[in-house]
2 protein chains.
Amino acid sequence: MIQNSQQKLYIVGIGPGSIEHLSKRAADVLQSVDTVAGYTMYIDLIRPLIADKNIISTGMMKEVDRVEAALDIALSGKSCAIVSSGDAGIYAMAGLVFEICKTKNIPITSDASLCTSQLSAESALSAKSAVSLCIEVIPGIPALCAGASLLGAPLTHDFAVISLSDLLTPWEKIEQRIEAAAQADFVIVIYNPKSKKRDWQLKKAQEIVMKYRKPTTPVGIVGSAMREAQSVEIVSLEQLDNAQVDMQTVVFIGNSTSFQYGSFMVTPRGYSEKYSI
Amino acid sequence: MIQNSQQKLYIVGIGPGSIEHLSKRAADVLQSVDTVAGYTMYIDLIRPLIADKNIISTGMMKEVDRVEAALDIALSGKSCAIVSSGDAGIYAMAGLVFEICKTKNIPITSDASLCTSQLSAESALSAKSAVSLCIEVIPGIPALCAGASLLGAPLTHDFAVISLSDLLTPWEKIEQRIEAAAQADFVIVIYNPKSKKRDWQLKKAQEIVMKYRKPTTPVGIVGSAMREAQSVEIVSLEQLDNAQVDMQTVVFIGNSTSFQYGSFMVTPRGYSEKYSI
């Protein structure tokens with residue numbers, strides 16, 4: 001177990017689905033803190049572990065409020081964990097925490113010996129500029145690994161990860177990245193392919209990739225990996241725009257060597273060309 | 001606990017470092033199988049969990065032999081887990097297992113209800129072509145997430161993952177991918193930056209990226225993440241060729257917006273441009 005760490009902020013990736021996929025380290029941290037903050041749906045996934053905790057749970061799109069509340073708690077002298085589904089750093093909360101700390105000039109450190117854990121809550125607040133808040137990021141199994149494992153091995157060669165959400169990124173930049181990744185024969189992993197308000201980006205991405213890859217290129221589509229609503233499907237690139245996708249779906253577009261064998265999608269590393277197996 | 005599954009092959013990502021970072025599911029699987037196969041160094045990391053198991057442990061570069069031995073065991077009626085450090089599917093063993101199954105025409109399935117677990121070892125072998133070997137990939141925390149967590153949040157925007165090992169991939173293809181990723185402003189994650197026999201590729205990669213990014217672009221360098229020999233360093237892109245790297249190192253080259261704040265490397269998702277925080 002972890003000692004109760006005062007004035008410490010953890011950013012924790014809980015992995016896909018249930019607590020089955022949490023690391024021991026993440027479970028230990030969640031059980032050691034005073035407060036857990038997260039999107040309601042993710043809090044529900046780990047509810048059995050954190051029954052006795054103070055919980056800050058808010059809906060989607062409330063990320064900034066949630067992080068500010070968690071920072072206030074950590075700075076006031078309590079330990080707090082912000083949770084993300086999957087990994088904490090891939091299109092998840094870790095970046096936002098650091099963005100806010102920088103904007104607000106909150107001094108932070110990863111070095112536990114420099115952090116405020118020896119101070120009282122009052123002195124931590126009053127001495128904010130002299131001492132630092134200790135932040136630790138705990139990694140988790142990202143959706144791209146959970147999805148890949150259900151498909152077989154689509155990521156055994158170089159890959160590019162692209163979010164199709166143009167809420168925070170101009171579409172021109174996203175399109176440029178799809179084009180570059182397609183041309184250079186990366187396996188392409190797509191996050192946030194579609195939402196209720198965004199319905200044309202995936203078809204556009206498909207059109208771009210079709211300029212460089214065969215229409216029969218295998219595409220793996222995994223929804224809600226490791227959760228009750230899980231779905232796994234392999235289609236051809238030319239059928240991609242008809243596939244059922246939403247915000248919980250990750251799409252894996254194969255490279256020029258990806259193949260389907262049995263019910264699995266595989267991108268070979270290239271052993272069979274090099275060795276006689 | 002998992003029921004003893006006959007004739008089943010698991011491909012298990014054990015995460016970075018020690019059993020601290022294993023998921024509960026991976027730990028359960030490792031404790032349920034008859035045999036565990038893996039590179040000696042990775043077997044050592046999980047030794048406490050698998051003390052009573054039959055172990056096939058071989059050195060680096062013996063991957064093909066190891067997978068063939070594991071397949072023989074699973075086909076002979078015993079359950080076997082092939083372990084990889086990090087995730088099982090990112091430059092790891094999952095791809096090779098499927099490559100070998102395809103080459104040898106071994107019928108495989110992910111559907112437990114179609115697999116050979118109801119048959120005896122003899123009938124499984126004699127009926128190889130009629131029944132299928134059940135394969136399940138168990139994901140783990142990949143080195144790229146472990147390394148990113150130690151740096152802060154370098155991967156909160158689109159990123160490309162490239163191995164510099166030209167053992168199984170022509171260098172021209174690797175170079176083309178570095179160029180495309182650099183030009184399209186992906187964060188670039190580099191696996192296998194250097195080995196005893198390969199010492200010039202990282203400098204070449206640096207030169208290519210320098211054509212598109214500022215010399216002061218932050219670069220995170222993480223060695224042996226979550227293990228005893230762990231090292232974490234942030235340098236500027238122009239200093240990258242002087243950094244200490246080896247086969248256990250993952251390199252994170254920031255995009256045009258990545259910054260260093262305190263001891264952390266961060267690629268912002270872009271909230272602070274969109275919202276006033």
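General remarks:
- Every residue from region A:100-121 that is at pLDDT 50 or above, open to solvent by 30 Å² or more (accessible area, probe 1.4 Å) and in a helix (DSSP H, G or I): A:Lys102, A:Thr103, A:Ala112, A:Ser113, A:Leu114
- Considering residues of region A:222-244 that are part of a strand (DSSP E or B) and more than 23 Å from B:Gly140 (Cβ to Cβ) only, the residue nearest to the other protein chains (Cβ to nearest Cβ): A:Glu233
- If the condition is being aliphatic (A, V, I, L, M), open to solvent by 10 Å² or more (accessible area, probe 1.4 Å) and more than 7 Å from chain A (Cβ to nearest Cβ), then region B:152-190 contributes only B:Leu167.
- Inter-residue pairs, beta-carbon under 6 Å, first within 7 Å of chain A (Cβ to nearest Cβ) and open to solvent by 30 Å² or more (accessible area, probe 1.4 Å) and in region B:256-277, second assigned to a loop (DSSP other than H, G, I, E, B) and modelled with pLDDT of 70 or more, 6+ apart: B:Ser263/A:Ser110; B:Lys274/A:Leu168
- Of the criteria (1) free of Cβ contacts under 8 Å to residues at least 12 places away in the same chain; (2) part of a helix (DSSP H, G or I), which one B:Val97 fails: (1)
- The lone exception for A:Lys196 - which of (1) within 17 Å of B:Ala181 (Cα to Cα); (2) open to solvent by 40 Å² or more (accessible area, probe 1.4 Å) it fails: (1)
- Hey, B:Met247 farther than 15 Å from B:Thr267 by Cα, in a loop (DSSP other than H, G, I, E, B), open to solvent by 10 Å² or more (accessible area, probe 1.4 Å) and touching a residue at least 60 places away in the same chain (Cβ under 8 Å) or not: no
- All positions within region B:250-277 that are of a type in the set (Val, Ile, Thr), under 20 Å from B:Asp185 (Cα atoms) and part of a loop (DSSP other than H, G, I, E, B): B:Thr257, B:Thr267
- Boolean, A:Gly140 is open to solvent by less than 10 Å² (accessible area, probe 1.4 Å), at pLDDT 95 or above, assigned to a loop (DSSP other than H, G, I, E, B) and at the interface with chain B (Cβ under 10 Å from one of its Cβ atoms): yes
- For B:Tyr212, the test of being of a type in the set (Phe, Trp, Tyr) and either open to solvent by 40 Å² or more (accessible area, probe 1.4 Å) or in contact with a helix residue (DSSP H, G or I) (Cβ under 6 Å, 6 or more places away or on another chain) (or both) is passed.
- Qualifying position, being within 20 Å of A:Ala225 (Cα to Cα), open to solvent by less than 30 Å² (accessible area, probe 1.4 Å), assigned to a helix (DSSP H, G or I) and of a type in the set (Val, Ile, Thr), among A:Ile43, A:Ile90: A:Ile43
The values are calculated or read from the model by the stated rules, or taken from the named source; none is laboratory data. Source: prediction; values computed, not measured. Neighbour counts run over all protein chains shown; Cβ positions are idealised from the backbone, glycine included. In case anyone asks, the SASA skips ligands and DNA or RNA and just uses the protein heavy atoms, side chains included. Shrake-Rupley method; radii C 1.70, N 1.55, O 1.52, S 1.80 Å.
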